[in-house]
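Taking it in order: structure first as structure tokens, then the write-up.
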Amino acid sequence: MKLDLLARDGAVEVLRQLCTGEARFKELNRLVPNIRTLSRRLKELQKEELIQRAGIHYRITERGFGAALKIAELERETDRGGVHPDPEEIAKVRCGWLRISLERLTELFLGEFDETLVSLILYGSAVKASFHPGRSDIDLLYVVEDGAGDPWPREGKVFRGFQSTWEYKACDQYFKTRGFHGYPEVTAISLERNHAKRFQPIYLDMLSHRAVLYDKDGFFQDLMEKLEKELKTIGTIRIEHPDGTYGWLLKPDITPGELIEINLGWADGHQQGEG
């Protein structure tokens, strides 16, 4: 591919538009008003197999999706404004299009919750080798400050805004062109800071598989370190199954009626786990 092609007027605009679905010439003409320039760009992009023509419509190709993703990643790398996930953490996300969309989602969470947002964590299959776009969901946990109020209205606003972003639409189209339903279903759980210090069963899954998208003062990472120490103290065993699933034996030497205490710093004292 001729790299200078993407630096020419209208090339990136056309690619970005076609990432969200096929378009006709007159629709692309709104992005590139000069008809001669647009005609030239379309021919050049077709020659490089970044787009293809299907009747009166233009569509992006696999190669075009790859080029658009590289451009989006480069733009994020050179963006010095705002707060971005740690590169090592976001790299845990298996799919490139999911990575850039989740970075955008992180920005929206921060924009809506501002200083009340403590942590935003991605966990589950999205950060596992078993991720499959046709079957896997996006599982999120976010922690807010104590007394921040009902998070649901703000969460709803975040996700409505997210679905209108280019990153979401492009990722959605990317999966659809591969025969999948579209953007994976997103499930979010919220906790207040003090409640997050209580042992939560979902924390066990996060010990080995999580991507920290945002973490004020390392709050959640500290919780995970405390949990690892607590589990080591009580002799917790992780049991692997042949099909790749696993379970936990929290306290192998537990006695009948004994309560398992896992202390992560909850203000009201010790927490009880399930035996």
Give the residue, chosen from 222, 205, that is part of a helix (DSSP H, G or I), within 26 Å of residue 108 (Cα to Cα), in contact (Cβ under 8 Å) with a residue 12 or more places away in the chain and not aliphatic (A, V, I, L, M). 205
Would you call residue 187 exposed (fewer than 12 other Cβ atoms within 10 Å of the Cβ), among the hydroxyl-bearing types (Ser, Thr, Tyr) and in a strand (DSSP E or B)? yes
Residue 98 vs (1) touching a residue at least 12 places away in the same chain (Cβ under 8 Å); (2) assigned to a helix (DSSP H, G or I); (3) loosely packed, with under 12 Cβ neighbours inside 10 Å: all pass except (3)
Is at least one residue of segment 22-43 surrounded by fewer than 14 Cβ atoms within 10 Å (Cβ to Cβ), under 30 Å from residue 144 (Cα atoms) and not basic (Lys, Arg)? no
What are the residue pairs meeting all of these: first residue in segment 39-52, first residue at pLDDT 95 or above, second residue assigned to a strand (DSSP E or B), Cβ atoms under 6 Å, and 6 or more apart or on different chains? 45/51; 51/58; 51/60; 52/59
Among what's in segment 131-183 and is in contact with a Cys (Cβ under 8 Å, 6 or more places away or on another chain) and part of a loop (DSSP other than H, G, I, E, B), pick the residue that is modelled with the highest pLDDT. 183
Considering each residue of segment 208-219, count those that are assigned to a loop (DSSP other than H, G, I, E, B) and among the hydroxyl-bearing types (Ser, Thr, Tyr), and give that number. 1
Taking residue 20 as the residue in question, decide whether it is among the β-branched types (Val, Ile, Thr) and touching a residue at least 40 places away in the same chain (Cβ under 8 Å). yes
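The values are calculated or read from the model by the stated rules, or taken from the named source; none is laboratory data. Keep in mind that this is a model prediction, so the values were computed, not measured. No Cβ is skipped: glycine too gets one built from the backbone with ideal geometry, and neighbour counts run over all protein chains shown.
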